[in-house]
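Worksheet: one structure, shown below.
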Amino acid sequence: MRKFDTKVQHLKYKVLREVARLAWNDTLLENVMDVPKTIVPGNEPTMRCCVYKERAILGERVKLAMGGDKEKSNIIQVIEIACDECPVGGYEVTNACRGCLAHRCEDVCKRGAITFDQNHVAHIDKTKCIECGACAKVCPFTAIVHRKRPCQNACKIKAISMNDHKAAKIDDEKCIQCGACVYQCPFGAITDKSFILDAIKLLKESENGKNYKVYALVAPSISSQFAHVKLGNVITGLKEMGFYTVIEAALGADMVALSEARELAEKGVLTSSCCPAFVRYIKTAFPGLTKYISHNMSPMGALAKYVKETDPDSKVIFIGPCTAKKAEAQLESVKPYVDAVLTFEELQALFDSLDMDLPALEEGVLDNASYFGRIFARSGGLTDAAAQAMKEQNINFEIKPMVCDGIEECRVALLKMSKNVLGANFVEGMACVGGCIGGAGCLTHGEKNKAEVDKYGREAYEKTITDAVSVLK
Amino acid sequence: MVFIQVCVGSSCHLKGSAEVVELFQKAIAEHHLEDDVVLSGSFCIGKCNLTGVSVQIDEQVHVGVNRDNFRDLFKTYVLDVIENERK
């Protein structure tokens, strides 16, 4: 069965897998320079103009797989030589224009930017065009195309531009590390730094729990991932890899839901703090709204803190769909509790670097959280959980939620909020469309993923948030 | 002072950790041992897939704890130990 959505993900995975393989064997230092050649062995190029360029790019990927440039703080990095410098012409008329007589494009253009030559073929005056796209919509031959770079198109907060060499450039001040560009770049020229080496080191040095215990905190979106095996196989696989035990980050979500509901009732207006990209977006783009951000830690942070308080010598590795979590783990407030963050993509590479046959493993169990903690993985889940938490705690407060699915919807809601015209008192913000299941670090993204999360939620042993959290008192 | 850790990891959770935690809370309240006992959770005591819930009392791990054998366990490893300490 298909493990990834795209070949770019597969390529990235191969690099991670090879680096991990060497790291487990303690032979990374001697062999790191050979990794590109292991992946592209022959003399014939398979992706680019020549094998040397392919290997040069792979060399850059190896660097990022090993943690990337420590000088550059952004988790998201452009591999400049891999950037294909896609055209950026905006709306253009192609040779599919047949020079028809209707001239719908001309009629619909409010700026008068469309003119015709002697053959009735349309031309767009770039000085007048405002990129509204109306002409492209009405053309009966779909002859007008929008040439926009996929990375710029993916980055709805407009943090990507071009540098002097026409390669993509990320504005590190604006970037919220959501990873949309990482997933969308068709050349794999933008990628997230990996901390697999930190994770491998933590696991190796724990010597199977002898020196300290390594806890895996797994995000609930895992239910929509690793579709080729059972979740129970993955749990056992993690333990075989050296994790002492696996806990659902959704239990952290249950903890957060209870306190977030209380905070909302107390303050009257609140924006959610689960999605680190959304939180960073408010802080950078709408600093005036910072006061409304929930003071709760994210589910990852809350649960990791709990684990470290009960077992102070332990190490915590979060495994999820998210690149922004990598940045969150570096915040001063979260750093003491989370030792490394891995994506599902990276976990797959780690399994395969050990040649683990997941389906052959015994099925472990994973059950710590309630239905409501688990559905945090998809858009709308957090709001459902907050409403439930109000009910369970007998708080008399009417939630008027605004569920923002994706950063574009977040932007609109925050804009309204800053003008006091939102008409809601609770903003659930998720930077990725669909919620965490749309995260850049997911192996696959599909229509069915939301249903998978809901199904997994219903399978939870505990039905209420209070019951799930009761064991922690 | 007696330290009690009830395993609330997945495997024990499904076998009824919540009930065992509740039994401990009730028993501690009943005997007024709030100052003599520290009750906490643990995400794994390393005895998964045996029968029932695992509980660690001081250094010793007890497996298969449930409603039926709780009274005996509490008496032997908590009440009696505290009584001895007081002597």
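All of the numbers you see were taken from the coordinates with simple rules; none came from a lab. Source: prediction; values computed, not measured. Positions of Cβ are generated from backbone atoms using ideal geometry, with glycine treated the same way; all protein chains shown enter the neighbour counts.
Worth a mention:
- In chain B the longest region clear of GluC sites (Glu not before Pro) that are loop-assigned by DSSP and have at most 14 other C-beta atoms within 10 Å covers B:1-33.
- Extension gain for B:Val63 to B:Phe3 (0.36 nm times residue separation, less C-alpha to C-alpha distance): 20.0 nm.
- Cross-link pairs beyond the 20 Å C-alpha cut-off, checked among A:Lys158/A:Lys291; A:Lys14/A:Lys213; A:Lys239/B:Lys47; A:Lys37/A:Lys63; A:Lys137/A:Lys448: A:Lys158/A:Lys291; A:Lys14/A:Lys213; A:Lys137/A:Lys448
- Taken along the Cα-to-beta-carbon direction at a fixed 7 Å, the label points for A:Lys283 and B:Lys87 span 5.8 nm.
- A Förster radius of 22 Å combined with the Cβ-Cβ distance from A:Asp5 to A:Met47 puts the calculated FRET efficiency at roughly 0.80.
- Alpha carbon convex hull of the stretch A:248-359, volume per residue in cubic angstrom: 121 Å³
- Placing R0 at 30 angstrom, the Cβ-Cβ distance between B:Arg71 and A:Glu240 gives a FRET efficiency of 0.20 after rounding to 0.05.
- Alpha-carbon Rg/Rh ratio, for the stretch A:355-473, with Rh computed the Kirkwood way: 1.05
- Considering only B:Asp72, B:Asp36, B:Asp58, the Gaussian network model of chain B with Cα springs below 10 Å gives its largest mean-square fluctuation to B:Asp72.
- Residues A:Glu408 and A:Lys174, FRET efficiency given R0 of 22 Å [Cβ-Cβ distance, rounded to 0.05]: 0.90
- Its Cα gyration tensor gives chain A an equivalent ellipsoid. The semi-axes, each the square root of 5 times an eigenvalue, are 40, 32, 19 Å from largest down.
- Among the trypsin sites (Lys or Arg not before Pro) in the stretch A:395-451, those placed in a DSSP loop whose Cβ has at most 13 other Cβ atoms within 10 Å are A:Lys419, A:Lys448.
- With K and R counted +1 and D and E -1, the other residues having a Cβ less than 13 Å from that of A:Tyr461 yield a net charge of -3.
- The stretch A:276-335 and the stretch A:31-102 have Cα centres spaced 31 Å apart.
- Relative contact order for the stretch A:90-147: 48 percent, from Cα pairs under 8 Å spaced at least 6 residues apart, divided by residue count.
- Normalised Debye scattering of the stretch A:90-147 at q = 0.20, 0.23, 0.26 Å⁻¹ gives log10 I(q)/I(0) of -0.61, -0.84, -1.11, counting only Cα atoms as equal scatterers and leaving out solvent.
- For the stretch A:1-116, the average shadow cast by the Cα convex hull is 13.5 nm², which is a quarter of the hull's surface.
- Taking all Cα-Cα distances within the stretch A:196-470, those exceeding 30 Å account for 25%.
- Taking all Cα pairs closer than 8 Å and separated by 6 or more residues, the relative contact order of chain A comes to 18 percent.
- Full-extension gain in nm, A:Lys416 to A:Glu332, via 0.36 nm per residue minus C-alpha separation: 27.2 nm
- Dimensions (Å) - chain B, Cα atoms, principal axes, largest first: 39, 23, 19
- Long-range amide H partners of A:Thr271 with built H, under 5 Å: A:Ile293, A:Ser294, A:Val427
- Here each label is just a point 7 Å from Cα along the line to Cβ, and for A:His146 and A:Asp467 those points are 4.7 nm apart.
- Trypsin sites (Lys or Arg not before Pro) lying in DSSP loop within the stretch A:1-95, provided at most 16 other Cβ fall within 10 Å: A:Arg2, A:Lys3, A:Lys70, A:Lys72
- Under the simplified labelling scheme, the A:Asp84-A:Arg111 pair shows an inter-label distance of 2.7 nm, with each label point 7 Å from Cα along Cα→Cβ.
- For A:Asp34, B:Asp68, order by how many other beta-carbon atoms lie within 10 Å, fewest first: B:Asp68, A:Asp34
- DSSP-loop GluC sites (Glu not before Pro) across the stretch A:265-366, with at most 12 other Cβ within 10 angstrom: A:Glu332, A:Glu362
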